[in-house]
1. How much FRET efficiency would the formula 1/(1 + (r/R0)^6) give for A:N26 and A:T162, where r is the Cβ-Cβ distance and R0 is 22 Å, rounded to 0.05?
2. For chain A, take the longest principal axis of its alpha carbons; what is the angle in degrees between that and the long axis of helix A:49-67, to the nearest 10 within 0 to 90?
3. Under 20 Å Cα to Cα from B:K11, which aspartates and glutamates show up? Leave out anything in the same chain fewer than 8 places away.
4. Roughly what would the spin-label model give for A:I176 and A:Y128, points 7 Å off Cα along C-beta, in nm?
5. Over what distance in Å are the Cα centres of segment B:104-147 and segment B:60-91 separated?
6. I'd like to check one number: the per residue accessible area of segment A:84-126, probe 1.4 Å, reported in Å² as a whole number.
7. So the label point goes 7 Å from the Cα of A:M169 along Cα→C-beta, right? Which residues of segment B:11-53 then have their backbone N under 19 Å from it?
8. Of A:K22/A:K216; A:K22/A:K84; A:K84/B:K141; B:K34/B:K308, which sit over 26 Å apart, Cα to Cα?
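The values are calculated or read from the model by the stated rules, or taken from the named source; none is laboratory data. None of these values were measured; they are calculated from a predicted model. Counting neighbours? That spans all protein chains shown, and the Cβs are built from the backbone with ideal geometry, glycine included. Note: areas computed on protein heavy atoms with side chains; ligands, DNA, RNA excluded. Shrake-Rupley method; radii C 1.70, N 1.55, O 1.52, S 1.80 Å.
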Amino acid sequence: MNSLQRIWVLAQNTYREAIRDKLLYNLLLFAALMIVSSIVLAKLHLGYDERIYRDVGLAAIAMFGAMIAIFVGINLVYREISQKTVHAMLAKPVRRWEFILGKYLGLVSLLVIEIGIMSGFFLAVLVYKGSPWEWAMVWAIGFIFLELALITAVAIFFSSFTTPYLAGMFTVALWIIGHLLADVRDFGLQQGSEGIRPLTEALYWSLPNLDRLDIKAAAADGNAIDAARMAGAALYAVCYSGVLLMGGMLLFQRRDFK
Amino acid sequence: MSVIRASGLKKTFRTGFLMRQVEAVRHVDLDVAKGSIYGFIGPNGAGKTTCIKMLTGLIRPTAGEAWINGLPVSDPDSRRGLGFLPEGTFFHEYLTGAEFLDFHARLLNLPASVRRERIPALLERVGIGHAADLRIRRYSKGMRQRVGLAQTLIGDPDVLILDEPMSGLDPLGRRDVRDLILSLRDDGKTVFVTSHILGDAELICDHVAIILGGRIVSEGCLDELLGKEVAGVEVVVEGISEALFEELRTGATRAVSQGSRFLFEYADEAQAEKAVDTVRSADGRLRSLVPRRRSLEELMVADIEREKERAG
Ligand SMILES: Nc1ncnc2c1ncn2[C@@H]1O[C@H](COP(=O)(O)OP(=O)(O)OP(=O)(O)O)[C@@H](O)[C@H]1O
Ligand SMILES: [Mg+2]
């Protein structure tokens, strides 16, 4: 009970710190501009209007969401350590894993707000353009949230034991590779070489497979999305995030605060 | 009963690409009695902060063990009755003073009713009641130190570990902190405080340990350490001739002239009395005569020199 209360307090404070930070607003402003620019872009592609709004809008939400998740997330963990605010906190009966979990939950609630704002913009543009309402859009946004929550777990994992620069690089790298894993695997399969296939297979099964969570294209085309596939993907995201968080907690537990 | 105990604490850092070893703390035993003010004194880089970080669970000892209130420091519950003031700045700058205290109070699971009462009272107690709703970003250095002290007291702890609580404070602020620490002791709390400013420690501590190069070199009650006997007598006189100054200087351990005033220091009272008689018979005036106890500073300087000899 005490533990839950502390995690809640830590999450709340993380959220509060981000909300009082300028970086977040700058990124949100950029995202809003991207979405608005989709209107302008669409004007150049008469006839394909809807497809473009949807593509660009969803891509903007995913992309800026990822930037916020990575940079704000890493920054908030790093700041606690470099500015030594963590010292007074951990010299209390606070468990280190509570700190990690609190940070994560604070960042995830931040994601909810920020995806909410960007989606609000996005859906407003769709309505303004008279696009028919489709639930697929909402599902797509939901899966963007899952992807960003997973990215945040990656960021927290790396932040728990390395410097912010390395953590940022590793997280961005995983974010990119995570979207290319299917290609990586295909490459291994097609090459057929004995040397490379085990490697590509290992990468495919061990790294976070963000493509599995990506239903943007299908949603933008207005295709139906298989419910079983979605459920599997959601479960995958939750489990993967959980494992990363536990890894982060273990590594953070061993850390010296110098 | 000992509230803080450590046995054979040691910390070796590995730094840089070559993982060069730095022995920050070599061997430290501690036994801090309940209700005392324990001064942990040493020059910069002696290993005070490193020791404290081991006591508060922020770093793991390379060797040795420590306990707070009987619980090993690896157990977070050992920090249940602990108030800790880390060295230097450690603030969530985006919070106001009151929010900062509320955050730390909630980390200690204090109920809202207690927080509502205690936070304004504490801010008043440390003298920044007027800045409760100002963001810490806008606080002066002294105000930060004060809100930091309030943070250590928020859970009404029975053990306090304060790392340089007086750094960055003006003379008035130092006096306030001294008074605060003394009042904590009067409330029956145990205070473990580091400083490299010996005057501060001398004024408030019951018990002192001097740490040098990661090792405790002197340790005991202040009276025990400094000795009760007089370490010298200072005599200040006026209106004597140069010749007499030269004469008096021969027996003194120290002699300084400043304008018309002269200061002599003698090893014992008999010599000082003799000098005073000489001055009086030459129509000089006695301004002051002060017997001086050995100071903590001299003790530390002597310790440092002994260590140097041992090393060299
Ligand atoms: N993280 C670290 N890595 C390497 N060396 C360190 C580290 N932290 C401290 N040291 C070294 O350990 C020694 C003791 O440092 P410590 O901070 O404990 O001293 P201190 O007594 O608190 O000094 P001060 O009075 O300046 O605060 C110093 O020589 C310092 O350089
Ligand atoms: Mg120090």
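1. On the way: r = 25 Å, r/R0 = 1.16.
Efficiency for this residue pair is about 0.30.
2. Computed tilt is about 10 degrees.
3. Hits, sequence-local ones excluded: A:D256, B:E23, B:D29, B:D31, B:E65, B:D75, B:E87, B:D163, B:E307.
4. If labels sit at A:I176 and A:Y128, their model points lie 3.3 nm apart.
5. Value for the Cα centre distance between the two parts: 23 Å.
6. Values: 1090 Å² over 43 residues.
Averaged over the residues of segment A:84-126, the accessible area is 25 Å².
7. Taking a point 7 Å out along Cα→Cβ of A:M169, the residues of segment B:11-53 whose backbone N falls under 19 Å are B:16-19.
8. Working: A:K22/A:K216 29 Å; A:K22/A:K84 21 Å; A:K84/B:K141 16 Å; B:K34/B:K308 34 Å.
Violating the 26 Å limit, Cα to Cα: A:K22/A:K216; B:K34/B:K308.
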